[in-house]
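Reviewing the structure listed below.
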Amino acid sequence: MSKKIYCIASFKPKEGKLEELFKILQALEPKTLREDGCVQYLATKHISHPNATGTSFPLVLNEIWASKEAFELHCARDFIADFFQTHCIDKNGLVEEFNVCTYEDE
């Protein structure tokens, strides 16, 4: 087992904003991947598959962090706080709903 933190950040974009929001999420990748403790940070889109019939928001950031501390430092970075404020909290943002969950493997 490890001390890694696994984060799934899911986003439901406002009507007609899926591609625009996906590009913004992808733009977060290079900067985040350079952070200490970032193991994986990948923006993904939901696809239909007969073996995976659950419900989900259409866009998901799949994250793995080396430690809780590394994840917390990431969350405190200005560019991440700005993303959430601009797109998730502000009424004119691109996100209708979002959900961020963390997990461990211990």
Practice task
Go ahead and set up a Gaussian network model of the chain, Cα springs under 10 Å, then flag whichever of Cys75, Cys38, Cys88 fluctuates most.
Solution key: Cys75
Problem - Hull volume in cubic angstrom per residue (convex hull over the Cα atoms of the chain) - result: 107 Å³
Fill in the blank from the handout: When the chain is treated as a Gaussian network with springs between alpha carbons less than 10 Å apart, the largest mean-square fluctuation among His49, His87, His74 is found at His49
Handout entry: In nm, spacing of pseudo-spin labels at Asn92 and Glu15 (7 Å Cα→C-beta vector)
Key = 2.0 nm
Handout entry: Greater than 21 Å apart at Cα, pairs in Lys17/Lys91; Lys14/Lys68; Lys12/Lys45
Key = Lys14/Lys68
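Work out the length of the dipole vector of the chain about its Cα centre, built from +1 on the beta-carbon of each Lys and Arg and -1 on the beta-carbon of each Asp and Glu, and round it to the nearest 20 debye.
Working: 12 positive and 17 negative charges, 45 e Å.
In total the dipole reaches around 220 debye.
Once R0 is set to 25 Å, what does the formula 1/(1 + (r/R0)^6) return for the Cβ-Cβ distance between Leu73 and Gln26, expressed as a FRET efficiency to the nearest 0.05?
Working: r = 22 Å, r/R0 = 0.86.
E between Leu73 and Gln26, to the nearest 0.05, is 0.70.
Readers should treat all values here as calculations from the given coordinates under stated rules, not as data from a laboratory. Bear in mind the structure is a predicted one, so any value in this text is a computation, not a measurement. Please note: Cβ atoms are built from the backbone with ideal geometry, for glycine as well, and neighbour counts cover all protein chains shown.
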